[in-house]
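Colleague: Got a structure for you, questions after.
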Amino acid sequence: MTNKTFAIIGAGLAGLSCAVRLTELGHHVELFEKSRGAAGRMSTKRGEGWAADHGAQYFTARDPLFIEQVKKWLANQAVALWTPEIKVFEANQWTTFQSQDLRYVGTPAMNTPAKQLANGLLLHTSQTIDALSHKDSQWFLQSAEAGAIAQGFDALILAIPGPQALALAQHLDPDIKTIAGQSNMKGCWTLMARFQHKPTVSFEAAFVNQEIISWVARNSSKPQRTGQESWTIQANPLWSQEFIELSKEDVADQLLACAKKLGLDCTGAEISMHRWRYASGSTTATLGFYSNPALHLGMCGDWLNGGRVEGAWLSGYHLANQFAE
């Protein structure tokens, strides 16, 4: 395929990676994103005088291709190393977390690397694609906000969570129904707490086991973070999924009670809540990506490639190369 037109639904890291690579290979690419901007779960929540990373908390790099991408971000000051003191809480005991992994975060916010990838791409934001059709070898899209999109595309890529891909395209490709139906994605309740003063605790980040909380981090410990002292608290996936429809107020009460048990007393803190309906999980088999050459249809995302930030980027990159081949 050369000089083709591609529509990519979803401007998270997988969709952006795929779009950048396809553009490098000489194709015309347009991204359609339901949110107001690119980044997906590499997101930062902002308020008056504060900000907090409320999606992906950090990422690692092990694959040589992704390591090269991280080097570019480092050179452009879009990411930096994060070296917090990490503890583990399990069975009412604290231990020090031992790991040789290098942890990276976006700077000055987690969404900065995605914004750099999006720079120069044709990105349509606030466009919820709710219907697809394939006619005369062309893909046509319909948006909930704008109705039918007149332009047709030679190829279509779904860079969205498995359940959303399932709902949108299962009638077009039985393999998508099978693969996306096994995505096993779970939600995540996230609480952001802002303090007038730094809380007195023995950690800057913590993995929490056997509690309703799975992760706690001092957002203010990350490089180039400014503004009010802020912490991010994330519930574990199983609990989040079970109580995904609970009210924000009830979820906050339970998370704050658990945080107090961990030693992080949020009494008097300002609280914000966010519900990620599809946050974690992956297919049983790590496919990397999915491609249907006959239909010029593909899927990419972290859920197809191990569920990590690195996996998302690689999924989009390799899918673009597959189309090129």
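Colleague: Can you name the residue in the range 235-285 that is closer than 30 Å to HIS197 by Cα and β-branched (Val, Ile, Thr) and, of all such residues, is surrounded by the most Cβ atoms within 10 Å (Cβ to Cβ)?
Modeller: Result: VAL251.
Colleague: Let me ask another. Pick out, from the range 114-185, the strands (runs of 3 or more DSSP E) lying fully within it that include 3 or more residues that are crowded, with 22+ Cβ neighbours inside 10 Å.
Modeller: Output list reads 155-158.
Colleague: Pairs, please: C-beta under 6 Å, at least 6 apart or cross-chain, first residue under 14 Å from ALA165 (Cα atoms) and in the range 122-142, second exposed (fewer than 13 other Cβ atoms within 10 Å of the Cβ) and of a type in the set (A, V, I, L, M, F, W, C)?
Modeller: The qualifying pairs are THR128/ALA144; ASP130/ALA144.
Colleague: Oh, and also: How about the range 38-63: which of its residues are part of a strand (DSSP E or B) and touching a Lys or Arg at 6+ places or on another chain (Cβ under 6 Å)?
Modeller: TRP50, ALA52
Colleague: Which condition breaks for HIS296 when tested against (1) on the phi < 0 side of the Ramachandran plot; (2) buried (at least 17 other Cβ atoms within 10 Å of the Cβ); (3) not charged (D, E, K, R)?
Modeller: (1)
Colleague: So in the range 1-28, with the set limited to residues that are in contact with a Cys (Cβ under 8 Å, 6 or more places away or on another chain) and aliphatic (A, V, I, L, M), which one is nearest to SER220 (Cα to Cα)?
Modeller: ALA14
Colleague: Would you confirm, using the coordinates I've provided, whether THR23 is touching a residue at least 12 places away in the same chain (Cβ under 8 Å), within 30 Å of LYS261 (Cβ to Cβ) and not aliphatic (A, V, I, L, M)?
Modeller: no
Colleague: Is there a residue in the range 261-280 that is without any contact (Cβ under 8 Å) to a residue 24 or more places away in the chain, assigned to a helix (DSSP H, G or I) and over 21 Å from LEU172 (Cα atoms)?
Modeller: Checked the range 261-280: no residue is without any contact (Cβ under 8 Å) to a residue 24 or more places away in the chain, assigned to a helix (DSSP H, G or I) and over 21 Å from LEU172 (Cα atoms).
Only the coordinates and a few stated rules stand behind these numbers; no lab work does. Since we're looking at a predicted model, the values are computed, not measured. All Cβ positions, glycine included, derive from the backbone under ideal geometry; neighbour counts span all protein chains shown.
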